[in-house]
Structure formats: C-alpha cells, structure tokens
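This report refers to the structure that appears directly beneath it.
The values are calculated or read from the model by the stated rules, or taken from the named source; none is laboratory data. Treat the numbers as computed from the prediction; the structure is a model and nothing was measured. Note that each Cβ is placed from the backbone with ideal geometry, even for glycine, and that neighbours are counted across all protein chains shown.
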Amino acid sequence: MKLMQTLIGAGLGLALACGAALAQDAPAPAPATAQTPSKPPETKTIGDWIVRCFPIQSPSPCDMFQELVDQRTKQRVLSFSIAFVPNMNRHGMQVTVPLEVGLQKGVTISSDSYTSPAFRYRYCDRGGCYVQTVIDNAAIESLAKSGPDGKVRVFADGGKAYDLKFSLKGFAAAHDDMVEQAKAKATKAPPPAAPAAAPAPATP
C-alpha cells in the first residue's frame, strides 16, 4: 500500500495531472501532502516516448509518457505513463483508455515477448478509465527488449476485445534516461528525528 501511495501520489498522479498533454482532463487524485508544480515539466523526446521531469519535491519526479490521439476526432485513445521510485527500485504505471469499457475484465498489455496479467481499473472519470498499478521490473525489461509495437487489450461492455496499439520505439532508451534523471532528482526520505533528551531531574 505504501508503494502504491508513493507511485500514484508522488509520481504518476502528479505527472498526469500536470502534463501538457493531459491538461484538459480531470487529473488523477493526489494525496493532500503532494505539491502541485508551478512550472511546466522538463521534457525530452526519445523515439515515440516523452521523458518528463516535474519541478516538485518527490521520491518519483519523472516519468516516460506516450499518448495516442484519434486524428479524426482529436480524442485521446490511449495514454501510457511509467514512473520509477529510486529508493524502492520499483516502477508504477498508469494506462488511460476511453470510457464505455467493460470494467470487470480489466486490461492486458502485450508485445512480441511479454504478456501481462489482467490489470484492474482503479477508477473512471469524464477523461476515461484508469489503470494505476505497480509493474514488475522484469516486465519493464521485457518491454525494453520487445519491438516495434505493443498493444493494450480492452473489452467492451458486451465482452468483445479491442487492441489499442502503442509504439515501443525508443522505449529502452527513454526508460534508461527517465531512471537516470529520477535518481538524480528524487527527494530522499528524511532521516528519523532523534528522540528528545529527557529533562534533567530537579535538584532538591
């Protein structure tokens, strides 16, 4: 639970709330202790991914991001965000898909060398339905070795499966850059406070 709160609140929640690509949508909820950035993130495009680092005090200030938009309707079809928490050596992921999906079956992610278990939706709002979860480091390594495309499988209310394709071009390089920047910029947890000294006994 602590890891999920860190990933969603410090990394994924704020990243998606403040990213320019998602500014028009309702943000993912963040803990009251999270700081809202006052400046736009630093961004770097690597292949088909954008590495974003946010000007916040956070154990997970950076993510790698990709968004797919329907060119006819200009509506978002899929967005993909992966963040890294250096002091835990763990990754978190947020996947956003359109509304009107069958919620019970969740989503699966696959490539030519990786197939995930089903990930459950965390919540839906007017911007879509969201998967927010921890993802194993081994899964990230498999995706980094895959190519050129991956797919997110969603299910309609009637049970029909739809595959939303995303690009893995630049995935490995974007991941390495994101991790390197996260390690350099992450806020480390403060050391525990020293116990207060006991008061001296009163002199009779």
Subject >> Boolean, G147 is over 24 Å from V179 (Cβ atoms) and small (G, A, S) >> reply: no
**OP:** Check D157, D177 and return the single one that is in contact with a strand residue (DSSP E or B) (Cβ under 8 Å, 6 or more places away or on another chain), at pLDDT below 95 and of a type in the set (D, E).
**Re:** D157
**OP:** Would you be able to tell me the number of residues in region 69-85 that are over 11 Å from the mean Cα position of the chain (by Cα) and modelled with pLDDT of 95 or more?
**Re:** 1
Subject >> All positions within region 68-112 that are on the phi < 0 side of the Ramachandran plot and among the polar types (S, T, N, Q) >> reply: Q71, T73, Q75, S79, S81, N87, Q94, T96, Q104, T108, S110, S111
Subject >> strands (runs of 3 or more DSSP E) enclosed by region 74-180 - at least 2 residues per element that are crowded, with 16+ Cβ neighbours inside 10 Å >> reply: 76-85, 90-97, 108-110, 128-135, 149-155, 161-167
